[in-house]
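The values are calculated or read from the model by the stated rules, or taken from the named source; none is laboratory data. None of these values were measured; they are calculated from a predicted model. Methodologically, a virtual Cβ is constructed for each residue, glycine included, from the backbone with ideal geometry; neighbour enumeration extends over all protein chains shown. Only protein heavy atoms, including side chains, enter the accessible area calculation; ligands, DNA and RNA are left aside. Shrake-Rupley method; radii C 1.70, N 1.55, O 1.52, S 1.80 Å.
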Amino acid sequence: MALVHRILYPEPIESLEGYLKARGGRGLDALADLGPSDVIAILDDAGLRGRGGAGFPTGRKWRTILDARAPHASSSVVVNGAEGEPGTFKDRTIFRNDPYQVIEGAVIAAHVVGADEIVFGLKAAFGPELARLRAAIGEVTEAGWLDGLTVRVVEGPDEYLYGEETALLEVADGRYPFPRIAPPFRRGLHEEAADGGTPGDERETGLSADIEMVGAGEATPALVENVETLANVAHILARGASWYRTEGTDESPGTIVCTVTGAVERAGVGEVIMGTPLREVLEAIGGPPDSGRYKAVLVGVSNTVITEDQLDAPVSYEGLAAIGSGLGSAGFIVYDDAADMAGLAAGVAWFLATESCGQCRPCKVDGLRIAELLEGVAASQGEVRDLDEVRVRLGTVADGARCFLATQQQIAVGSLLDRFPDELTAHAEKRVAGVAPTLVAELRDISEAVAVWDERHRDKQPDWSYDAVWSGKAPVERFAQHYVGQELPEEPTD
Ligand SMILES: Cc1cc2nc3c(=O)[nH]c(=O)nc-3n(C[C@H](O)[C@H](O)[C@H](O)COP(=O)(O)O)c2cc1C
Ligand code: SF4
């Protein structure tokens, strides 16, 4: 199976001139003759779905934003380049190879939804990508692409939650990455803080719950889109919906940029046609599994684990849903025969429990208990009843959750318990040697086919510090003075 090159060219595009030579910029040309509803109709016809993880239909989202526009209010298009899903490196690869297509897609989006600002949300740690993006912004500014628009590049924190779209809006507004209750399409950027104070002011609590949001009709919602989604928008406008549909399936047209890491010959990022069997994708990008036999594949930490017998499932939204999993952001972490599934379950649980912000009590409290119990089981120091408690806690961890992270515990950890019950029980019954939790963390780089994981995650405390000892606080208690020493709210408050 060959890789394809709609979004990821074989060689990086080094300049705006090179981009224009490679047929770039034609999406913006096409825009001159199209009204907002024409563009949205093209995106609907193309069947583009968001590449940030949820797979939401892009045309439908843009129409919702357009319909909710408040007259005379300013608004923003926010490019989600936070890329924190473990095992995903495709957005950084797109920025490194060709940031112009992302900017072009964002400019198109701004014109369609009537936004006057584009915000690029990357992490401060993404040095090479920030440099490429800033240089490209300079070039397109000279070329007049950004006339009438303000552009901001936000260098956000390392936290996983920063990629959650309402948390990203919070960071862009100068606060901590704590998800909002309200859906982002009801609320915009630059909200006034109420009893929480304005960002930087001494009353600032940093807690999104303390920010009084403007009501519907008073502010135009922010449009948050993933990097790869916007790159696709540029190409769809340039070449049309029918061209887009010449590859892929009915429900998942086009191509997808996948990351393959773990127990494979080489870590890498590659673009494939939607509907390609997962096994072919893994081999084309990653080569054979280290031991010759696959055992499991994680799709980040957002979906159920995929087992060896399911590897012929098509890489498409419907194909992976049909086996009970999902496409997520197409970051596939491969585990071969040598992997220990008890250690992996503990690793996934620790990652999610650590990254939980603690605004919703069960997410943090049950999450940490699940992780602690699974660590004991993996070490072959636990009891069989610990696995029963894990199952009970997985049933409550997402109660009242304001974002999807808590549900991810249920889905990803629950699937490891369901698919590898014998292996986990063997650990709980102390019939096998104990193991430490597997490192599950964000990727810092993929360089010369080697994945560089964020090893610091081993030392990250549940309060998001790297202190030797955990303070016992959740991040929301640690950062929001308002809550220091107090109980977390039982129910989310607005
Ligand atoms: C915990 C969590 C982390 C997320 N991280 C990212 C991320 O790093 N990048 C991203 O594009 N979307 C991320 N998302 C999804 C976003 O919330 C949102 O769905 C996406 O930016 C929408 O853009 P799209 O429709 O173009 O996919 C995350 C969601 C959750 C719940
Ligand atoms: S579900 Fe978890 S991560 Fe999401 S807002 Fe609530 S506590 Fe924070």
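Quick one: net charge of Leu311's neighbours, Cβ under 13 Å, K/R +1, D/E -1?
Taking every other residue near Leu311 into account, the sum is -3.
With an 8 Å Cα cut-off and a minimum separation of 6 or more residues, compute the relative contact order for the chain in percent. Kindly include the intermediate steps, with their values, before the conclusion.
On the way: 1102 pairs, mean separation 80.0, N = 494.
Value for the chain: 16 percent.
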Worksheet entry | Positive-end extreme of charge dipole, the stretch 343-438 - chosen from Phe420, Ala406, Ser380 (charges on Cβ) | Ala406
Item to complete: Keeping all protein chains in position, work out how much accessible area Ile285 exposes to a 1.4 Å probe, and write it in Å² to the nearest 10.
Response: 10 Å²
Response to the item:
Ignoring ligands and nucleic acids, Ser380 exposes an accessible area, probe 1.4 Å, in Å² to the nearest 10, of 20 Å²
Item to complete: Give the long-range amide H neighbours of Ser380: residues separated by 5 or more places, or on another chain, with amide H under 5 Å away, using H modelled in the peptide plane at 1.01 Å from N.
Response: Val435
Worksheet item: Taking amide H positions as placed 1.01 Å from N in the peptide plane, with prolines and chain starts having none, which residues 5 or more places from Cys258, or on another chain, fall under 5 Å of its amide H?
Response: Gly270, Glu271, Val272
Response to the item:
Given backbone amide H placed at 1.01 Å from N, residues whose amide H is under 5 Å from that of Val224, ignoring those fewer than 5 places away on the same chain, are Val78
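Find out how many positive minus negative residues lie around Gly262, taking Lys and Arg as positive, Asp and Glu as negative, among other residues whose Cβ is under 9 Å from that of Gly262. List each step's numbers first, then the result.
Numbers: positive: none; negative: Asp290, Asp336.
Taking every Cβ under 9 Å from that of Gly262, the sum is -2.
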Practice prompt. Could you provide, to the nearest whole Å², the per residue accessible area of the stretch 235-324 with probe 1.4 Å?
Written response: 33 Å²
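In debye, nearest 20, what is the charge dipole magnitude of the chain about its Cα centre with +1 on Lys and Arg Cβ and -1 on Asp and Glu Cβ, if you could check?
On the way: 44 positive and 79 negative charges, 102 e Å.
In total the dipole reaches around 500 debye.
Rounded to the nearest percent, how much of the accessible area of the chain (1.4 Å probe, protein heavy atoms only) is carbon and sulfur? Before the final figure, lay out each step's value.
Numbers: 9150 of 18480 Å².
With neighbouring chains kept in place, the figure for the chain is 49 percent.
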Item to complete: Return the sequence-ordered ³J(HN,Hα) values of the stretch 336-347 in whole Hz as given by the Karplus equation 6.51 cos²θ - 1.76 cosθ + 1.60 applied to θ = phi - 60°, using x for Gly and Pro.
Response: 9, 3, 6, 6, 9, 6, 5, x, 5, 4, 5, x
Worksheet item: What shape does the stretch 66-146 take by its C-alpha gyration tensor, where a ≥ b ≥ c are the square roots of the eigenvalues and a/c under 1.5 counts as rounded, a/b above b/c as prolate, and the rest as oblate?
Response: oblate
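Using Cα pairs closer than 8 Å and at least 6 residues apart in sequence, work out the relative contact order for the stretch 88-146, in percent. Kindly include the intermediate steps, with their values, before the conclusion.
Values: 25 pairs, mean separation 24.4, N = 59.
Normalised by residue count, the contact order of the stretch 88-146 is 41 percent.
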Item to complete: Divide by every residue of the chain the summed helix terms, -39500 (n - 2.57) for each DSSP H run of at least 4, and state the resulting mean residue ellipticity at 222 nm, rounded to the nearest 500 deg cm²/dmol.
Response: -10500 deg cm²/dmol
Worksheet, complete the sentence: Scoring the stretch 300-386 by relative contact order with C-alpha pairs under 8 Å, at least six apart, yields a percentage of 22 percent
Worksheet entry | Dipole of the stretch 252-334, positive end: most advanced residue of Gly300, Leu327, Gly270 [Cβ charges, Cα centre] | Gly300
